[in-house]
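Input: a single structure, listed below in structure tokens.
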Amino acid sequence: MSNILCIGAGYVGGPTMAMIAKNCPEHKITVVDINQERIDCWNSDDLPIYEPGLLDVVRLARGRNLFFQTDVAQAITDAEIIFVSVNTPTKMFGEGAGKAADLQFWEKTARDILDNCRKPNVIVVEKSTLPVRTAEAMAKIFQLGKSSTKFSVVSNPEFLAEGTAIEDLTNPDRVLIGGEQNEIGRKAAETVAELYAHWVPRENILLTNVWSSELSKLVANAMLAQRVSSINSISALCERTEADIEEVSKAIGMDTRIGAKFLEASIGFGGSCFSKDILHLSYLCEYYGLPEAADYWASVVHINEWQINRFFQKILHEQFDTLAGKTITMLGFAFKQDTGDTRDSPAIQLCKKLLGEHAKVRIHDPKALENARIDLKEMQGDVSFEEDVYKALEGAHVLALVTQWAEYRELDFERIYNKMVKPAFVFDGRNHLEHEKLFEIGFNVFPLGKAPLKQV
């Protein structure tokens with residue numbers, strides 16, 4: 001039995017360790033975090049994150065070989081394999097502000113490991129999304145420190161999509177493990193690979209060098225976000241012509257060289273990774289003297305911001321260029337469906353813009369209301385949070401759909417229409433609703449990338 005530790009009990013660390021514990025019952029898995037409230041939630045049935053299927057996996061292993069605690073130092077002492085899954089937000093000060101990663105939490109964790117490790121050989125696995133060559137920096141901290149422990153640093157980036165994390169962990173497209181290109185490094189990478197091999201086919205486990213592993217994570221997210229921004233830019237063109245973005249997306253998605261994924265027009269992407277990773281990649285290009293490449297990747301984020309503003313401008317324009325005193329109900333606040341995560345959600349910027357026009361904003365989301373309250377607590381203006389979706393829409397001038405929750409398609413829209421101010425407007429930021437039916441009820445409907453359905 002090996003003692004495996006994960007430092008960080010967030011969206012990556014918690015689900016990943018739960019899956020390893022489920023499939024590797026011979027190993028003891030401990031997850032630590034300095035946030036006592038978060039750990040208490042992991043030790044209950046009210047988990048700190050919403051993820052379909054996660055509770056079942058946690059229940060299976062918790063108390064058997066999966067444990068959650070706050071004593072970081074003690075857990076490090078006993079660990080033979082340490083996964084590092086701490087927050088690495090974008091740096092908002094000094095050199096690289098707005099683009100580079102803020103590594104202060106990562107460095108503190110590395111030094112905590114150095115100070116507390118007691119095992120003769122320890123493998124440290126970076127799970128956090130980190131800039132290229134971070135593993136090298138971590139190795140230097142360990143090498144220069146006073147410790148009898150011999151450390152091996154391995155890169156194992158996550159490729160989880162929130163809302164489908166359990167499926168992604170159960171049947172991953174690939175597991176990427178980067179090790180130092182020497183005998184010790186290759187052995188460490190193979191040790192980590194053996195954990196995943198309990199349930200992942202060996203042909204889906206890719207061993208690379210450390211730098212390739214680190215860069216692959218940034219590039220994967222950048223390429224996916226690029227597809228979103230590309231189709232969103234075309235949605236604007238479709239609205240100026242007689243093209244239909246869904247028809248265009250279907251046509252190009254049937255090209256096997258392109259594929260259909262991430263070609264749905266939307267209000268914009270969000271989440272903890274896309275913008276951050278693209279900006280990291282842009283900064284990396286700048287650092288190595290590639291300004292044209294840096295500008296190219298930064299433009300992916302700029303298009304995303306433009307799309308959010310375009311959605312807002314459409315609402316403003318169709319409301320006769322005044323929103324003061326009008327009630328705008330936002331359906332959804334999470335950055336995507338099937339998660340309570342609101343980090344970098346387009347809803348935050350949209351809400352800010354609406355409040356700037358003195359609109360009254362009501363927010364409904366089945367899983368993200370508490371996070372929405374936190375995100376908007378410093379924002380000035382008339383904001384309310386409603387548990388009841390019908391109450392949220394009563395007396396509203398505008399319904400703005402931001403998150404494509406399945407339950408929103410099942411709402412009684414005739415009931416909603418009768419309670420809204422007339423003329424009633426629907427702005428569908430995900431092309432999620434049945435627009436023709438809404439129009440037949442009496443709504444003015446504004447999809448993305450296609451002609452609006454106006455009553456007058």
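Just to be sure before I move on: is residue 363 assigned to a helix (DSSP H, G or I) and either modelled with pLDDT of 95 or more or surrounded by 18 or more Cβ atoms within 10 Å (Cβ to Cβ) (or both) in the structure I sent?
For residue 363, the condition - assigned to a helix (DSSP H, G or I) and either modelled with pLDDT of 95 or more or surrounded by 18 or more Cβ atoms within 10 Å (Cβ to Cβ) (or both) - is not met.
Six or more apart or on different chains, Cβ under 6 Å: which pairs go from a residue in the stretch 135-162 that's in the same structural domain as residue 120 (by TED's automatic domain parsing) to one that's among the acidic types (Asp, Glu)? Could you list them?
Listed pairs, sorted by first residue: 135/126; 155/126; 155/214; 160/168; 161/168; 162/341.
Regarding residue 278, is this residue buried (at least 18 other Cβ atoms within 10 Å of the Cβ), touching a Phe, Trp or Tyr at 6+ places or on another chain (Cβ under 9 Å) and over 20 Å from residue 125 (Cβ atoms)? Give the steps one after another, and end with the answer.
Values: buried (at least 18 other Cβ atoms within 10 Å of the Cβ): yes; touching a Phe, Trp or Tyr at 6+ places or on another chain (Cβ under 9 Å): yes; over 20 Å from residue 125 (Cβ atoms): yes.
Criteria met by residue 278.
What about residue 207, is it farther than 24 Å from residue 341 by Cβ and assigned to a strand (DSSP E or B)?
yes
Could you give me the residue pairs with C-beta distances under 6 Å whose first residue belongs to the stretch 373-400 and is in contact (Cβ under 8 Å) with a residue 40 or more places away in the chain, whose second residue is surrounded by 13 or more Cβ atoms within 10 Å (Cβ to Cβ) and aromatic (Phe, Trp, Tyr) wherever it lies, and which are 6+ apart or on separate chains?
Partner pairs satisfying both residue conditions: 398/425; 400/427.
Rundown of residues vs (1) modelled with pLDDT under 90; (2) within 24 Å of residue 285 (Cβ to Cβ), yes/no style:
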{"position": "95", "(1), (2)": "yes, yes"}
{"position": "115", "(1), (2)": "yes, no"}
{"position": "125", "(1), (2)": "no, no"}
{"position": "134", "(1), (2)": "yes, yes"}
{"position": "150", "(1), (2)": "no, no"}
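In the stretch 400-429, what residues are under 24 Å from residue 349 (Cβ atoms) and either touching a strand residue (DSSP E or B) at 6+ places or on another chain (Cβ under 6 Å) or among the aromatic types (Phe, Trp, Tyr) (or both)?
Residues satisfying the conditions are 400, 401, 402, 405, 408, 425, 426, 427, 428, 429.
Restricting the stretch 159-191 to residues that are among the β-branched types (Val, Ile, Thr) and farther than 17 Å from residue 218 by Cα, which is farthest from the chain's Cα centre (by Cα)?
Checking each candidate, the answer is 184.
Inside the stretch 1-92, counting only helices (runs of 4 or more DSSP H) that do not spill past its ends, which hold 1 or more residues that are touching a His at 6+ places or on another chain (Cβ under 7 Å) and farther than 28 Å from residue 368 by Cα?
Working: elements: 13-23, 36-42, 54-61, 72-78.
In the stretch 1-92, the matching helices (runs of 4 or more DSSP H) lie at 13-23.
Please indicate, with yes or no, whether at least one residue in the stretch 19-27 is β-branched (Val, Ile, Thr) and surrounded by 22 or more Cβ atoms within 10 Å (Cβ to Cβ).
Yes; the residues of the stretch 19-27 include at least one that is β-branched (Val, Ile, Thr) and surrounded by 22 or more Cβ atoms within 10 Å (Cβ to Cβ).
Say whether the condition of being of a type in the set (Val, Ile, Thr) and in a strand (DSSP E or B) is met by at least one residue in the stretch 404-419. Lay out the reasoning, then the answer.
In the first step, residues of the stretch 404-419 are kept if they are of a type in the set (Val, Ile, Thr); the result is 416.
From the residues that got through so far, the ones that are in a strand (DSSP E or B) too are none.
Among the residues of the stretch 404-419, not one is of a type in the set (Val, Ile, Thr) and in a strand (DSSP E or B), which makes the answer no.
The values are calculated or read from the model by the stated rules, or taken from the named source; none is laboratory data. This structure is a prediction, so every number in the text was calculated from the model and none was measured. Here the Cβ is made from the backbone with ideal geometry for all residues, glycine too, and neighbour counts use every protein chain on show.
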